[in-house]
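Working notes, structure below.
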Amino acid sequence: MGNACSIALASLFALSSLFAFDAEADGEVQKIILKKEKARVTLAYATQTPRVRHSCFPGALHVVLAHIAAQTGRRPLVTSGHRSNGRRGSYHRKCMAADIRVPGVAVSRIVAAARTAPGIGGIGTYCNGIVHVDVGPSRRWNYCNRGLARLKKPKPTTVVAMR
C-alpha cells in the first residue's frame, strides 16, 4: 500500500509540474487554464543546463526521479543525462540513466529515497555529491576514494647537498 501511495504521489507531482494551473474566479464560475511550461524545468526534475540531454528518458526513469522528488520534498537537478560518449555498456548511452543532485538534501537521504523508488536499477555515488540513478539491472557502487584519490603518494625524495 505504501509503495502504491508513493507511486501515485510521484505521478501526481510529475503531472502537476507539467502544467501550470491558473484559477480565475468569475462569480460562481471558475476557469482553469492549462499552460505548458516553457522553462527548462520538466516533470519532476530540473536540468542543470539547457545542454543536458533528457528528452529521451523512459517513463520508468521519470517515475524514479518523481519518487526522489516526492521523498525529499525537492526537485532533483539532472547534471548529466544521455551522452553518446562514455564507457561501453553505460546506461547514459542508452538514455536510461541520470546523474543528479538535490540541492539542500544530504546524499544519504537521496540514496535512501532512490532505494525505495519503483523500477530503480543502479544507484551510484561520487565524492562530489553526485548520485547516479538508472533503470537497468539492480546494482550499487560508491566511487569515492577510488581512482586518482587512491593513488599512493610518492615517497619523499632525500636531497643530498654536494660540496
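Please treat every number below as a calculation from the coordinates, not as lab data. Fair warning: this is a prediction, and the values are worked out from it, not measured in the lab. Note that each Cβ is placed from the backbone with ideal geometry, even for glycine, and that neighbours are counted across all protein chains shown.
The distance between label points at Ser108 and Lys94 comes to 3.2 nm (points 7 Å beyond Cα on the Cα→Cβ vector). For the stretch 79-113, backbone nitrogen atoms closer than 16 Å to the point 7 Å from Cys56 Cα along Cα-to-C-beta are found at 80-99. The packing ranking, built from the mean of other Cβ atoms within 10 Å per residue, places the peptides 88-96, 119-127, 64-72 in the order 64-72, 119-127, 88-96, highest first.
Amide H contacts under 5 Å for Gly122: Asp134, Val135, Gly136, Arg139, restricted to partners 5 or more places along the chain or on a different chain, H placed in the peptide plane at 1.01 Å from N.
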